1. Quick check: net charge around Pro297, other residues with Cβ under 10 Å of its Cβ, Lys/Arg +1 and Asp/Glu -1?
2. Only four residue types carry charge here, +1 at the Cβ of Lys and Arg and -1 at the Cβ of Asp and Glu. Report the dipole size of the range 167-267 about the Cα centre in Debye, rounded to the nearest 20.
3. Cα-based Rg of the range 245-342 per 2.2 N^0.38 Å, rounded to two decimals?
4. Over the range 288-349, how many percent of alpha carbon pairs lie in each 5 Å bin up to the one with the longest distance?
5. Determine, for each peptide in 259-268, 348-357, the mean count of other beta carbons within 10 angstrom over its residues, then list the peptides with the highest first.
6. If we count every other residue with Cβ under 12 angstrom of Lys202's Cβ, Lys/Arg +1 and Asp/Glu -1, where does the sum land?
7. A 31 angstrom limit on the alpha carbon distance is what I want to check against. Which of Lys257/Lys282; Lys137/Lys407; Lys236/Lys376; Lys147/Lys257; Lys306/Lys336 exceed it?
8. For the pair Ser478/Leu214, report the inter-label distance in nm, with labels modelled 7 Å from Cα in the Cβ direction.
Amino acid sequence: MTVSMQIHYISLTWSGILWGLGLAYGVLILCVIAIVISENRNPLKALGWVTALLLFPVGGVILYFIFGRSIRNVRMISRRNRRRLLKQEGTLPLPKLDRELSPENRQRIRLAYNIGGANLYTGNEIEIFDDGERHFKELFDDLRKAKLYINLQFYIIASDSLGRRLRDILIERAIAGVKVRVIYDYIGSFDAGRRDFFQRMKENGVEVHSFFRLSFPYVNRANWRNHRKVVVIDGKIGYIGGMNVAERYVSGGDFGKWRDTAARISGPCVAALQYHFAVDWKFIGQPLLCDHINVTPDNYAGSIRKVTMQVLASGPNDRWGNMTLLFYKAISTARKRVWIQTPYFLPSEGLLKALESAALAGVDVRVMMPKRSDSKVLTYASQSYVEECLLAGIKVYLYDAGMLHSKVLIVDDDFSTLGSTNFDFRSLEHNFEENLVLYSERTNSVLAERFERDASESHRLKLAEWNRRPRGRRIQESVYRLLSPIL
């Protein structure tokens, strides 16, 4: 065989290999598209992924396997273990609901029970915090008094001064013989995780584990974050809300003021917080927890007494999209008012239409978001919804006194919810979240009073004024809005 023939043969061989690789990759793209379609997800999101795969085949496949996979209907724990935990929680069939509850609230209670197994608890006490300094003072005081166990999980635990104070308290309690367990989100607490912050806890007897640690080949876990902020102390005190463990939640950081909402509860509903922590603990590969629960309220000074409540958890594995359905039901059945505080306002089409239809029907609908949030991209994306809200008669407030991180929904005079859930795609579809659902005129009134106080530190937008904003800003809002389903 001559040299020229050898070169020609090698050329044909490489050409065949390249054609084969190209064909195989084309088949891979078609298979991924088939998977996207077969998952029967939101058509807009499915179409977005199909478009990305066709236009950017290499990058599209990589992004899909990192951010696009679905884990809907994946069980966090086995049915057998779930039954054991539910028995520990004291789960019973939903009782006949008190006629003192409004018809709308009775429907909401049944909904939360049917989609998320949310038990209804009466006779609870709650104290609501609207600033980090007071919240963490009370939390740290309660942690220092722990005798049996501490179960604690946060999206962010920073290695700053506040985080170190928490770490020292947990270490001191662990050395004293208290069982201390910590779950932190791997990405949210990445900075602390790459230092010796958590290692020092482990060396002193604290059980510390990350949620969905990223490692090859499990890079797709990046899109599913545990955004919950919950603490259970000795089975009798619980904390839940929107505050992470970072100094800016107390000092305000670059914003000067950080406005947030959290709650301390005691009574039978603490069992629900313990249940969801135990599910997460088992999901990350740890033994099943069956810790003792004390259902007696602790008569804490300043608490609101005899509150009826549920705890609803949600996550990307939900069959129904728990928090989305609860929000939709609460908004669509509102008779008087719907007031929302959220750091990021990126509603689904259904939730946006629910808000618009409520406002157009004469319900007092108000949405409060920060004028400037901790994400420039999310600020622009959130504000892209302002014009259509104003056209529908929704009152839009831009909080101007600092960073508004509060996650609160107030409906009429007797329904409210607070917790970790933002009014955006990520919280409602991709994150593991947890909210306290309150059926109480008193708690509703307290949250409404604080909303009105925050409104006095906000700027209410008018349509004519909003339409005068620069064209460049409008373009930025529109571009970032296109990304809102995956932000």
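What follows is calculated from the coordinates using simple rules that are stated; it is not laboratory data. Keep in mind that what you see is a predicted model, and the values were worked out from it rather than measured. No Cβ is skipped: glycine too gets one built from the backbone with ideal geometry, and neighbour counts run over all protein chains shown.
1. Cβ neighbours under 10 Å give a net charge of +1.
2. Value, rounded to 20: 260 debye.
3. Values: Rg = 17.4 Å, N = 98, 2.2 N^0.38 = 12.6 Å.
Taking N as the residue count of the range 245-342, the ratio is 1.39.
4. 3, 10, 13, 18, 17, 14, 15, 8, 2
5. On the way: 259-268: 24.8, 348-357: 18.1.
With the highest mean Cβ count within 10 Å placed first, the list reads 259-268, 348-357.
6. Numbers: positive: Arg167, Arg181, Arg200; negative: Asp196, Glu203, Glu207.
For residues surrounding Lys202, the net value is 0.
7. Over 31 Å apart, Cα to Cα: Lys257/Lys282; Lys236/Lys376; Lys147/Lys257.
8. Computed distance between label sites Ser478 and Leu214 equals 3.2 nm.
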